[in-house]
Amino acid sequence: MRDLHPYVPGEQPKIKGLVKLNTNENPYPPSPRVLAAVKAAVDQRLRLYPNPTAEPLRARLAKLHACRPENIIVGNGSDEILALATRAFVEPGGGSKGTVQFFTPSYSLYPVLADIHGATKVAVPLRADFSLPTPAELKRGGQWDFQAALTFVTTPNAPSGRGYATAELDELCRAQEGVVVLDEAYVDFEPENAFALALKHPHVLVARTFSKAYSLCFQRVGYGAGDPALIEALQKIRDSYNVNGLGQVAALATLSSLPYYRANFRRINATRRRLARALDNLGFAVLPSRTNFIFARPPKFPAETWLRQWREHRVLVRWFNYPATKDYVRITIGTDAEIDALLRAARKILAA
Ligand SMILES: *Cc1c(COP(=O)(O)O)cnc(C)c1O
């Protein structure tokens, strides 16, 4: 326990009036229907336990994805699904059966989950442009473990923002013997998704969340989908009431408001394209993004200096101090007004 390092979340500042573009939260509120449903649920029912298996929500999700409720588990955020998968599918100790595998850079929670479980970590770099190596390239690299008990793939990737084609993910899944979790936390902002792979392959799970695209970070609701045998394993080891009642209410109401959210995705994508062009004009090297954030290498000063300078202008962005990411900043797509504030500050920083 003394040697463990916890996951470091982005700052949730106490100071008011900061432009907060550091944790990929959605700048737009939940739909009016969601707010009304949560308010209506706050009454004497708070004394009761919530539905232990989130059954109504699983039924709605199954309908949405044209699968069965047995294909779905709901979690306290999709982070819980990732943690459950680690506990369920990775054996303690060494060897492939005890290995958690992932690409770098990707979601920095995976190594933390592996360490908590006492698992072996295999972290393999993406290509230099953050695209996905083919199984043949991975084989040549010699580091990748095709027998690893558990492989996490963030798709679209974070923090790079890059999207991967379903065909290349399918090829990777077919090359793996252990369980593959496709972490699709940002998939709603992108035209393509790999949900079908979780229904097609008995060893593939997809993890989704209501946090980012559906403006519901506060409520902590995510889900996993895949073969009933994998889902059953996760169901066996979760807490009996892992998803709180108001979260279930909010997620259900979200699924009744999908056109509202799709309009938000279009707005966020339009703002992202505008930000990418503006940063490019200022001399940033902007990576293509399929998400609600942009990963860019800033000009003139080191990325860490930009982080501090923007903070002085009351704008928060995220910086990851790892070899592959330390030259970049990650900027969450905010409202147009927030992005204008970030760009105004950037021009001042460059002119100083
Ligand atoms: C935000 C995020 C999650 C976790 O989302 P929850 O809020 O726990 O549902 C999972 N994976 C990635 C890559 C994320 O960025």
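Phi-derived couplings, Karplus 6.51 cos²θ - 1.76 cosθ + 1.60 at θ = phi - 60°, listed residue by residue for the range 342-351: 4, 5, 4, 4, 4, 5, 5, 4, 5, 7 Hz, with x used for Gly and Pro. To the nearest 0.05, how large is the calculated FRET efficiency for residue 255 and residue 96 if R₀ is 25 Å and r is the Cβ-Cβ distance? The formula returns an efficiency of 0.05 here.
Relative to the compact-globule estimate of 2.2 N^0.38 Å, the Cα radius of gyration of the range 1-54 comes out at 1.77. Evaluated with a Cβ-only charge set (Lys, Arg +1; Asp, Glu -1), the chain carries a dipole of roughly 1240 debye about its Cα centre, given to the nearest 20.
What residue among 11, 184, 70 has the largest mean-square fluctuation in a Gaussian network model of the chain, using Cα springs under 10 Å? Of 11, 184, 70, the most mobile in the Gaussian network model is 11.
Each of 67, 180, 120 was placed along the dipole of the range 32-256 (beta-carbon charges, centred on the mean Cα), and the one lying farthest toward the positive end is 67. Along its three principal directions, the equivalent ellipsoid of the range 32-256 from the Cα gyration tensor extends over semi-axes of 31, 18, 15 Å, largest first.
Shown in residue order for the range 248-254 are the 3J(HN,Hα) couplings computed by the Karplus curve 6.51 cos²θ - 1.76 cosθ + 1.60 at θ = phi - 60°: 5, 4, 5, 5, 4, 5, 4 Hz (x for Gly and Pro). Taking the inverse of the mean reciprocal distance over all distinct Cα pairs, the Kirkwood hydrodynamic radius of the range 1-148 comes to 19.5 Å. Here the range 254-352 is treated as a sphere whose radius is the Kirkwood value from Cα pairs; by Stokes-Einstein at 4 °C and 1.567 mPa s it diffuses with a coefficient of 92 µm²/s.
Beta bridges per DSSP, both residues in the chain: antiparallel share near 45 percent.
Relative to its residue count, the range 184-260 spans a Cα convex hull of 99 Å³ per residue. Model label points for residue 129 and residue 64, set 7 angstrom from Cα along the Cα-to-Cβ axis, are 3.3 nm apart. Scanning residues 5 or more positions from residue 181 or on other chains, those with amide H under 5 Å from its amide H are 151, 152, 153, 205, with H placed 1.01 Å from N in the peptide plane.
Note on the chain: helix-only mean residue ellipticity at 222 nm, from DSSP H runs of 4+ residues weighted -39500 (n - 2.57) and normalised by residue number, equals -11500 deg cm²/dmol. If R0 equals 35 Å, the separation of the Cβ atoms of residue 175 and residue 28 corresponds to a calculated FRET efficiency of about 0.35.
Distance distribution P(r), the range 142-246, all Cα-Cα pairs, bin width 10 angstrom from 0: 14, 43, 34, 9, 0 percent.
Taking 0.36 nm per residue of separation and subtracting the current Cα-Cα distance, fully stretching the chain between residue 4 and residue 41 would add 9.4 nm.
Readers should treat all values here as calculations from the given coordinates under stated rules, not as data from a laboratory. From a predicted model like this one, the values you see are computed outputs, not experimental measurements. A quick note on method: Cβ atoms are made from the backbone with ideal geometry, for glycine too, and the neighbour counts reach across all protein chains shown.
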